[in-house]
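Taking it in order: structure first as structure tokens, then the write-up.
Please treat every number below as a calculation from the coordinates, not as lab data. Computed from a prediction, not measured in an experiment: that's the story for all the values here. Cβ: placed from backbone, ideal geometry, glycine included. Neighbour counts: every protein chain shown.
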Amino acid sequence: MPNVIITGAQWGDEGKGKIVDFLTETADVVVRGAGGNNAGHTVIQGGQKYVLHLIPSGILWKDKTCVIGNGVVMDPMGLNAEIDKLRGQNVIINEANLFISDRAHIVMPYHRGLDQRREILLAAKKIGTTGRGIGPAYADKIERRGFRFIDAGDTPVFRERLEERLDECNGLFTAVGLPKLEIAQVLDEVLPAIARLVPFRTNTSMIVHDAITAGKSLLFEGAQGTYLDIDHGTYPFVTSSNTTAGGAITGTGAALRKIDRVVGVCKAYTTRVGSGPFVTENDALGDRLHNMGREFGATTGRPRRCGWLDTVMVRYAGIINGLDDLAVTNLDGLDGVSEIQVCTAYTLDGERLTVPPATVDEMARCVPVYETLPGWNCDITAARKITDLPTNARAYLDRMTALTGLPISMIGVGPDREQTLVA
């Protein structure tokens, strides 16, 4: 298998973990290059459910190398808890199969407080973050006052810098009614967690480079999705990193010319969490999916907002990411829907748009232009090849390809690994 980037073509939660897990069989190294433990990948193998936040999905396969790259912001306490939980599910995690970049920035306890403070101040205009401190950690990184993994430890310099930062943050916390953080409390929480992770720490750019040079196959695992990208998403209702394919390059140190394929993952409909415009949102479809036990966040458990497939978004995601093909997940979520709506364009103040507008105010005013397709009114979860799908389901996929300009390479008809069809 070549070197492949997997990226989300919507607002995240597209099922990238399932696709990464499926493709890992023919990969040697799985690399994560952006985001933090605000992301969540749910993978089901043989009926066993695994929820991953920072560790690449490839950890569920034996004899695979997993890398957390420099573009990730790492909560050391959260990562240790994740390791412990996976080990409790008999997943092997050790210094031979997991490597963490020494340049990855640390999510500190005060970042969570800063996250809460910002949402309090925004009130009704809040972003709807997970509250895990990801945005403030990236802000500190850009302002050049963050702590990288290599910088954090039981040293006088670390303690001095931490005390200075806490003094600043505590003034902000008390102003909005949040409790102060004492340095002893923070050190007691952070230092043991960092010490446990030090054996995994290394220059992961060299791990990636050496693997590519040796002719190994690398799979770059995206977090979130195109429309949560800090540059290309529905700003300001976005995350704080580059979640598009380019982020896989800057976030891992991989050479751009060594990437052979970019796969976009999208659901057969659309979902998002948090605030912000959603052109095709449909409460009835959301109620139906929630009543089926679907579309609850892997990280927060929040019910996701749901709507019809928006091919304006997916088509533009193909352009931004340079997608070669699509992996369509959750096709079975539309089982039993008699008439399926597909958004083919927007109208904004009487003008027809075929790409998303730049501002959220404009996007909130967009009206979807729908095309109605017949549903298949049957259970497709037992399908194991494309020809097993009913005619209307195949017609729906064909129409997705026509509207997005992207061939479909994989189709998910259920949560388990074997419920992935190869086109």
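The figures follow:
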quantity	calculated
Unit charges at the beta carbon, dipole of the chain: most positive-side option, Gln10, Gly88, Thr391	Gly88
Region 301-379, relative contact order [Cα under 8 Å, separation at least 6], %	36 percent
Cα long-axis angle, helix 76-88 against the chain (0 to 90 degrees, to the nearest 10)	60 degrees
Cβ charges +1 (Lys, Arg) and -1 (Asp, Glu), total dipole of the chain, debye	280 debye
Cβ-based exposure ranking for Leu218, Leu23, in which fewest neighbours within 10 Å come first	Leu23, Leu218
Alpha-carbon Rg/Rh ratio, for region 51-142, with Rh computed the Kirkwood way	1.05
Reduced Cα scattering model of region 166-248, Debye log10 I(q)/I(0), q = 0.10, 0.13, 0.14, 0.23 Å⁻¹	-0.53, -0.82, -0.90, -0.96
Subset of Lys85/Lys267; Lys62/Lys126; Lys16/Lys126; Lys62/Lys258; Lys49/Lys267 violating a 31 Å alpha-carbon distance limit	Lys62/Lys126
Ordering of 304-312, 57-65, 361-369 by burial proxy (mean other Cβ atoms within 10 Å per residue, highest first)	304-312, 57-65, 361-369
Rounded if a/c under 1.5, otherwise prolate or oblate - region 105-197, Cα gyration tensor axes	prolate
Ranked by how many other beta carbons lie within 10 Å on average, peptides 193-204, 346-357, 265-276 from highest	265-276, 193-204, 346-357
Loop GluC sites (Glu not before Pro), region 98-165, which have at most 15 other Cβ atoms in a 10 Å radius of their Cβ (DSSP)	Glu143
Positive minus negative residues near Leu348 (Lys, Arg vs Asp, Glu; Cβ under 10 Å)	-1
Amide H contacts under 5 Å for Ser217, placed H, 5+ residues apart	Asp28, Val29
Segments 410-423, 241-254 sorted - mean Cβ within 10 Å per residue, highest first	241-254, 410-423
Where only alpha carbons of region 266-422 are counted, the Rg and the Dmax (Å)	15.4, 46
Karplus (6.51, -1.76, 1.60) ³J(HN,Hα), θ = phi - 60°, over region 340-345, in Hz, Gly and Pro reported as x	10, 8, 10, 7, 9, 6
Structure-based [θ]222 nm, the chain - -39500 (n - 2.57) summed over DSSP H runs of at least 4, per residue, nearest 500	-10000 deg cm²/dmol
Long-range HN-HN contacts of Lys267 with modeled amide H, under 5 Å	Thr329
Under 5 Å, built H, 5+ apart or other chain: amide partners of Val369	Thr344, Ala345, Tyr346, Thr347
